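First up is the structure itself, then whatever we jot down about it.
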Amino acid sequence: MLAKQDIIQFNKTRIFDGFNWVVSGVKILMTKPFKLLLASLPFLFGFAGIMWFNIQGIYSASAGLLAAFVLSLIFPLSLQAIVLAYKEFEEGRKIYLARLYAQVFSFNKLRVILVYVLLVLFCSLASNYLFSLIEADSAIMNYTFQCVFIILQFIILLAVPLNIYSKSQFKPFYVLFLSLKALLRNFIPCLTLIISAFVILILAIVIAKYVAVIVGKIAIVFYLFELWVFVTWLGTTAIAMYKSIFHLG
């Protein structure tokens, strides 16, 4: 029986591989754009629902916690659907959405996501509790928790494809640990990808604001479409990043 370290190995990455992952993500997206976009469609509906609540002014402590839970759950679920859809394409099978979502919500694949969501909620509750204790807005503490949330989001970018391609044979915390280890070992290319993703997202927001000047509130639809494409691209980029970093023996 192979040991864990024999099954999962790290490849050597180069400093500028982050840019290669950005380009590779676009190439993967273009292989099956319609199917991959459909796979990530639940994220669009979930985010649209949260935006609707914000527009209606429905806010409370419980509503904020629910919004954090929904966002932290929908993103990795959409990521999982994207990775599974591309894996079906790689293996030469037709992508059927019914079969795809049955796999997305199978318990073995959900375990990593559920542990991730619990970690996000724990950090969210911890930050709220600490801010209530000090009763002041601490910039250092705020930035610290923001960094933790960003790190968690990029850990799940690696954890979901790793869990799927390893056929869910490892425990969730071990998969998350390996993803964190990969993030630290490939810090510069991963940081390049993080910066690239933020730049692309900021550009999308700026474009949506200019569109809003012309068409008004209808620009929300355009922004949601941009976000839908962005999340799908981030999912295909996660596949490229996983394939570059990990090797399954």
Exercise. Between Leu133 and Phe222, what is the label-to-label distance in nm when each label sits 7 Å out along the Cα-to-Cβ direction?
Worked result: 4.6
Problem set entry | Hz values of 3J(HN,Hα) by residue in region 145-156 - Karplus curve (6.51, -1.76, 1.60), Gly and Pro given as x | 5, 4, 5, 4, 5, 5, 4, 4, 5, 7, 5, 5
Exercise. Distance in nm between label sites at Ile151 and Gln103, each 7 Å beyond Cα in the beta-carbon direction?
Worked result: 3.2
Problem set entry | List Trp228, Trp21, ordered by accessible area with a 1.4 Å probe, largest first | Trp228, Trp21
Problem set entry | Residue-averaged [θ]222 nm for the chain, counting only DSSP H segments that reach four residues, each worth -39500 (n - 2.57) | -28000 deg cm²/dmol
For this session: Averaging over all projection directions, find the projected area of the Cα convex hull of region 165-238 and quote it in nm² with one decimal place.
Result: 6.2
For this session: Please work out the average accessible area per residue across the chain, using the 1.4 Å probe convention, and give it in Å².
Result: 55
For this session: Summarise the accessible area of the chain (1.4 Å probe, protein heavy atoms) by the percent that is carbon and sulfur.
Result: 72
Exercise. Amide H to amide H, which residues 5 or more places from Ile8 or on other chains are under 5 Å from it, using H placed in the peptide plane?
Worked result: Gly249
Problem set entry | Pair Val213, Thr31: separation of 7 Å Cα→Cβ label points (nm) | 4.1
Problem set entry | ³J(HN,Hα), Karplus 6.51/-1.76/1.60, whole Hz, each residue of region 19-36, x for Gly, Pro | 5, 5, 5, 4, 5, 5, x, 5, 4, 5, 4, 6, 5, 9, x, 5, 5, 5
For this session: Taking H placed 1.01 Å from N in the peptide plane, check which residues at least 5 places from Phe246 or on another chain put their amide H under 5 Å from its amide H.
Result: Asn11
For this session: Evaluate the relative contact order of the chain (contact order divided by residue number), counting alpha-carbon pairs under 8 angstrom at least 6 apart; express in whole percent.
Result: 41
Problem set entry | Solvent exposure, largest accessible area first (probe 1.4 Å, DNA, RNA and ligands not counted), of Lys243, Lys12, Lys217 | Lys12, Lys217, Lys243
For this session: Could you pull out the trypsin sites (Lys or Arg not before Pro) across region 81-121 that fall in loop regions by DSSP (anything but H, G, I, E, B) with no more than 16 other Cβ atoms inside 10 Å?
Result: Arg93, Lys94
Seminar exercise, completed: Taking only Cα atoms of the chain, the Rg to Rh ratio with Kirkwood Rh works out at 0.97
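The values are calculated or read from the model by the stated rules, or taken from the named source; none is laboratory data. Keep in mind it's a predicted model, so treat the numbers as computed, not measured. A quick note on method: Cβ atoms are made from the backbone with ideal geometry, for glycine too, and the neighbour counts reach across all protein chains shown. Note: accessible area is taken over every heavy atom of the protein model, side chains too, but ligands, DNA and RNA are not part of it. Shrake-Rupley method; radii C 1.70, N 1.55, O 1.52, S 1.80 Å.
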